[in-house]
Structure formats: structure tokens, C-alpha cells
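Values in this text are rule-based calculations from the coordinates and carry no lab data. Quick caveat, the model's predicted, so the values are computed rather than measured. As a convention, Cβ positions derive from the backbone with ideal geometry for all residues, glycine included, and neighbour counts pool all protein chains shown.
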Amino acid sequence: MMRRSRRPAGAGPRLAPLILTLALGAGACSDDGKTTPLTGDAACDTLAILEARCVGCHSNPPVLGVPMALTSLRHLRSSSAAFPGATVADRSVARMAATTLPMPPRGPQVPAAELEVFHTWIELGMPACATDPEPAPMEEDPNQIPQDELFTCDGAPGASPGRLRRLGQDEWRMTVPSRDQLGKAWAGYNPMLANASDRYSTYTSDETVDDAVIDLLLDPGLLGGRVGDEVVVHLRAMRSIEPRLACAFTEFPVTPGCVTTAMTAVLERAVLFRPATADEVGRLAAFATQVFAGETAVAQRDASLARIVNTAALSTGALFRTELGDGTAGRARLTDAELAQALARVLGSYGVGTPRQAWKDVVANRIAYTAGLEGYYPDLAAAAADGSIQDPATLDALLRAHLGGDDPDRADLLPDLFSVYSRQSHGERWLAGGVRGFFREWLGYEGFPAVFKEQPGLTSQFQPSGSTSIYGAMNTSYRQLQTGYYSSYGPAGAFKESLLVDQLDDMIAAVVTDDHDVLRQLLTTRRFHVPAQSPNFNATQATQLVYNLADPIANDDPANRWVTLPASERAGVLTHPAWLATHGGNFEDDPSIVRRGKWVRENLLCQYVPPLASVMVPAMVGPSAPDLTARDRLDAATASDECQRCHQLMNPLGYPFEIYNHAGFLRSVDHDGGAPDGSSLLVDMPDPALDGPVTSAIDLMDKLAASGRVKRCFIRQSFRYFMGRPETRADACALAQMEQAYDVQGSFITMLSALVTSDAFRYRTTGGN
């Protein structure tokens, strides 16, 4: 199957001449100074002005960094996303009349007569023109939808589009039982990679199984051999709780009744993890009959079953999860099995009943397991079996039972750690894998281990000076915190310090499981989980320095790792070294300002920043110089009106983070030797309460934490990840319910419960994609 094109209908005719114009060096958004012929009909004349002055950039889709299409009067009647109470028409007139950042951005201003036409059309109530084209369908970035429209519930019953969801990378890995971390070893060439263009890995629109995926699945290390072998070991062990499997290991020859019974159990317990349909059972039973017929002795049974399992694992039901509902026309309720699997997907990367994983404790020298023989989430399986999963109270209870908690042994990390001693370096609070995954992907810090950092301590108090030994130890320790390069230490390699990504996980887990005023706490807490030091192991001698802590942290008590940092230095997750480094440049004077500011604009304010590919101008700062800070270089490179159209959205929100360097260290001096400058002036913010000066990232966090706009954006990001798709206006009731639930006490768990009990989560419309 081929991935569907996402290019909107009607895009072709406008793009070709526009690109040609750019190639010839002309300004695509300028005009030639001619006046637009006017007829006296305000509506049709306004449309003519729109086509003459605006469509060159405001095409469908928009180009050159433009945030919206303006190809129809319908677009002008829309509410302005940035100016509540104003229409796009109001803002268009204001921009065309402006002397600063006018529209169009090049060429002469729009003549006064044409502006008067616009004014007249607005005063007449923005009537229609007979020749106004129907706006071509366009895939809208969810951040371009006015936020108020997404939280205005009309009370209509909700539902989501029905769909098939292809298994994700981790989800597919966890469907196969593994011994001694076999499943972990597959991560490097796991075929179920998410679409890199999707906002979250949970998105599955247009995800298929193409030739490249099939080639990986058929690799001798996967379905070509090892997967089936592992599943057969799992099925042998399950015979004590699944009597339908017994005959498949003992009968020779296998009777037809045994084939049907055993293959039903194989599908439900090891392949599909849901009730199998008659067609699925019939197809696998027919294939199994052929395989068993080729045996000459029962000793060949394991090989036969492995071949059968490998074949079944390539079926549609094994590679896709259905969300199609119970068959009711128009608006179908998810079946019991579908709803249980949907809830499991919220909680983690494995489905209901997927097999337990094995892990090896290197100190005790034993194999242990992460779950019982029945696999993961037996309580979800029971609720699906008796139908109680459809009760919102049951959904709420199941969510709360598995979402997170307090566990000093951190059993949730098995089999990812080597021993119980390794787990002691992590915080005692834990979150379900799916919830932890949301924060990692929303905040974006899961990619930190792959980010290159040149001399991470530059401009901090630990940069090279008279004490090169401290700086050398700091560099080594930073690499250890980033990648775990130097591995374990202690007897039998039993001890392994957590990484910066893990430490941010721990910090977030503590806030979420406390579950009070969660967003404010995430953005402002000063309680950080930090690593302890081992003076006898070079890679952990100086791991505390990235937190600006001069004194080492003792390893004798887990409570020592929780440190309240000074109010002038850190405040919340966006000041954590893992976040700062992920969204920072490779070098100390790189324009990290842009990356950090863009993230805040898009992910905390839910506003649209045009992608660099649509801007079509060189995006680079000037060369490094000893007297120029990153801020100096960026300001010089982006001072023009053309650049400011986008950079005014990013730079002011990125400046406050300049009190930190590219690697997340607190600066003691800036690149030019002067004091770090985190000051910024915020203007025309989507929440007026955010306007005004800020002195640093600490100050900015206080403002953002109090913003209703930021709260709603946080809710929207949660919806996107856990629903596995962007929000639309049709989801307004679900989003309003989530906000109402969150507002009671700032509870993330109650907000997530409101989502999984909403109509958008539990119902599907027919004919979806």
C-alpha cells in the first residue's frame, strides 16, 4: 500500500507560477502598484482586491511563511486567532493601513480607495459575492484553529472517525515475549517506525505496511525465525492456564477439532490479543492443517508452531488495531475489546494480554518476569470479557490503577535496568509508559541523547580556567548523563546512574502523581531529582555540576537526590538541563533562542509558526566573534521586516532562556564576557496577561503558569497524544470536559479520565479514515 498524499486539492495551479517568480528573483508578495478595477459592488470589489493583493502568498496552501489562506471572503469572515473579538477582515485592513510590518510586505501600500472598499464591506456585514469561490479543502494545522472554538461545546453527541491503527514501534516489540532482553535488542531495526512528519508517535493516519516493512518483518532475526520460537516457548508455559493449547503439543497427528481449538487460542493469546473472528480462525486453521500434514513426528511440533505463529504475525489483525465500533450505523460504540485496547494504548506500549517480558538480574543471576502468565493488564481483559469496560466508572478506576504511583523498587522499569541496585538511582515515583511517553514527546526531551554538544560547560562557572581537571571530569560526566556511555560500575556492574532524561522523567512523575495544580507545578517547581556521585568512578565524579551544584550528592539515601534549587536558577521542566540541551544548539553561541522560543510558541501557546521550508530565505546567523553573543548574532540576522514576520513569534520567547547555555548549564558570563541577558519584552501575545517585560526564564515561567491560554494548549496537546490525532472543532465537547475536570484541582489524572470517558474516546463514526 502506498502512503496517501497530503497535498490539498487545488494546490497545484498556484504553486508553479509562484516558484517561478521566486526563481526569477521577484517578490512574490509584492504588487506592481496598479490599482484594482472596482465595480461599485463592495463584496465583489473586496474579493477582487483580495485576489490582486493577497493571494500571491495567502494561497491554498499558504506559502512563504504565511499562516493562513485568503482565497475567499469566507476566510475574511473567520475570527482572528491572535486578536480575540476581531475578524480576519478587521486585521487585514489594519495591516494594509499600517506603516510598520504592512501588508503586502513589499511594494507600495494598498491605495486608500481600496482600503475604503474593505471598510464599506465590513460595515455592510460582510455580504457575499456571487463569484466568491468555495474555499478548497485544506489540511489545517490544529494550531491555526482559534482556540475558543475548540472549547465551546454545543452539547451534540461526539465521536471520532473510525480507523485501523497500525501498531507503533514499541507496541509491536512488546507483543512478542522475550527472554533475557531479546525484545530490547530489536529496537535498532524495528519496522514499525512512526511517521517522522507526525507530531506524536501515537498518530497513525496513513500508516501502512509497505514493502520495506515487510522486508524487515521477514528478516531472519525477526519473523523469519526468532519471533515464532519465542512465542512457542510462551505458549508452552501458558498451557497451565489455557487448556485449549494442550492438544497442539501432544496430538500426532493433530485432529481437525484440535486445530480449530488450538489456533483460536494461539490467535487470542499470542497474536491478536482479542477475540478472533471466525474468518481469522478459519484461515489460520487451514494453513496450520497444511503445516501439520508435513510432519513425520511430534518432535517437529515446535518448528511447525513457530512457522504458524510467524505467518499469523503477518496478518492484518496482528499488525493493526481496529477502532471501527460495534457496527451501529452512523455512530458506533467501540466494542468491549476495542475499548480495552484503546485504554491500554493510553497507559503504555503494550496491549491487553500481551506477553510478559523476561529480565536478568545480574547480581542475583536469575531470570524474572514483568507480569504473570496471563500477560499485561489482566483486569482490563476481565472488564472487556464481562462488558463492564463500557461503564465510565470502570474506565476511571482502571486508568487510576495503572497510571502511576509510588514504588521504591521501580518494577515499572523492568527489564530496562540491570538490577535492583540500578533502580535505586531513579525516583520512587513512576508513570505508566504511555503517560511518560506523552511528556517525553510533548516536551521533546527524549531526543537528547543523540544531540551533539561542543564543550558543554562553556560560559558556566565550570568552564576551563585554572582547574582543567574539574572541566575534564565535567565533560566526561556530562556525556555519561547524556548517553550512559561509560555504562555501569560496582560489583558485577550492578550500579548505573540515571541519565538526564530519566531525571526529568522522575521530576515529572513526582508532580503528576502529587496531582495538584499540575501544569503550574510542572512549569515552576524547583524540586529536581539529581544524580549522586561516585568518587571512584570517573564518569560520575562531576554529574552534579550541570545543576550548578558544587558539592557532591551522597549515595547513601535516595532522599538526597531530591534537591530544591535556588529560585534565581531553575523553575520547572523548561529550565531542566535535558529540555534546554535538547532545544539548544551544538555550540555555546548558536541561536538556541529560536529553537526554544519556537517550542514555547507552538507547544505552550498552540500558535502556528510557519515551517522553514515555506519561508524560502536563508536562515543563518553571522559568523562567531569574541565580542558577539548568540543574541547579538541573531538580532543582526533577523532585523529585517521580512525576517521579523516569523522571528517576532520566536525570538522574544527564546531570549529569557539565554541565562542558560546550549547544554543546559546556568551561565556565569555570556559569550562576550558580559553578564547573561535573559530580558525580553512580550507584545501582542494571544493572552494579554502575558504582555510585558520579563527578566529571565524564571520570570517567564511564572507568567506562562498563570495563563489560561497555556492551560488550554496543555489540554490540547494531551488530547492529541492520547487520541492519536489532532483535535478538530468537532472535539469541542471532549476538550471542554477535560478543561472542566482539570479546573477542579488542577488534576492531570482527572483530566485524562475525562478524556477516556468522553464520547470522542468511546464512539466512532462510520466512514472515517
More than 19 angstrom separation, counting every C-alpha pair in the range 539-669; what % is that? 55
Please give the FRET efficiency for A156 paired with L681, using the beta carbon to beta carbon distance and R0 = 60 Å, rounded to the nearest 0.05. 0.90
Let me know the volume per residue of the alpha-carbon convex hull for the range 340-398, in Å³. 85
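At a Förster distance of 45 Å, what's the computed FRET efficiency of T250 paired with D215, Cβ-Cβ distance as r, to 0.05?
Values: r = 37 Å, r/R0 = 0.81.
With R0 = 45 Å, the Cβ-Cβ based efficiency is 0.80.
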Gain upon complete extension [D386, D90; 0.36 nm per residue less C-alpha separation]: 100.8 nm
Sorted by average packing, counted as other Cβ atoms within 10 angstrom per residue and highest first, what order do 523-530, 194-201, 260-267 take? 260-267, 523-530, 194-201
In whole Hz, with x marking every Gly and Pro, tabulate ³J(HN,Hα) for the range 320-336 from phi via Karplus 6.51 cos²θ - 1.76 cosθ + 1.60, θ = phi - 60°. 10, 9, 8, 9, 10, x, 8, x, 5, 5, x, 9, 10, 7, 4, 5, 4
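Which entries of K496/K711; K453/K703; K453/K711; K598/K711 have Cα-Cα distances beyond 26 Å here? Show your work: numbers first, answer last.
Details: K496/K711 37 Å; K453/K703 30 Å; K453/K711 32 Å; K598/K711 18 Å.
Pairs exceeding 26 Å: K496/K711; K453/K703; K453/K711.
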How big is the gap, in Å, between the Cα center of the range 440-462 and the Cα center of the range 635-681? 17
With each label point set 7 Å from Cα along the Cα-Cβ vector, what nm distance links A371 and T316? 2.6
Per residue, the convex hull volume that the Cα atoms of the range 645-769 enclose (Å³): 162
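Which GluC sites (Glu not before Pro) in the range 266-353 sit in a loop by DSSP (not H, G, I, E or B) and have at most 10 other Cβ atoms within 10 Å of their own Cβ? Walk me through the intermediate numbers first.
Working: sites: E268, E280, E295, E323, E338; in loops: E295.
Answer in residue order: no site qualifies.
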FRET E, pair A286, R77, Förster distance 56 Å, beta-carbon r, rounded to 0.05: 0.40
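Rounded to two decimals, what is Rg over Rh for the range 613-714 when you use alpha-carbon atoms and the Kirkwood radius? Walk me through the numbers before you get to the answer.
On the way: Rg = 14.9 Å, Rh = 15.0 Å.
Over the Cα atoms of the range 613-714, Rg/Rh equals 0.99.
Where the convex hull is taken over the Cα atoms of the range 259-417, what is its projected area averaged over directions, in nm²?
Details: hull surface 48.6 nm².
Average projection, Cα convex hull of the range 259-417: 12.2 nm².
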For the range 279-366, would you read off the P(r) tail past 19 Å as a percentage of all alpha carbon pairs? 62
Under 5 Å between amide hydrogens, which residues at least 5 positions from S160 or on another chain qualify, with H placed 1.01 Å from N in the peptide plane? Y763, R764, T765
Taking 0.36 nm per residue of sequence separation and subtracting the Cα-Cα distance, how much length would be gained by fully extending the chain between E116 and D691, in nm to one decimal? 203.8 nm
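How do 343-352, 452-461, 551-560 rank on mean C-beta neighbours within 10 Å, highest first?
On the way: 343-352: 24.6, 452-461: 19.1, 551-560: 12.0.
Highest-to-lowest ranking by the protection proxy: 343-352, 452-461, 551-560.
Quick one: length gained pulling Q169 to E295 fully straight, 0.36 nm per residue minus the C-alpha distance? Intermediate values should be presented prior to the final figure.
Details: separation 126, 0.36 × 126 = 45.36 nm, distance 3.51 nm.
Additional length available on full extension: 41.9 nm.
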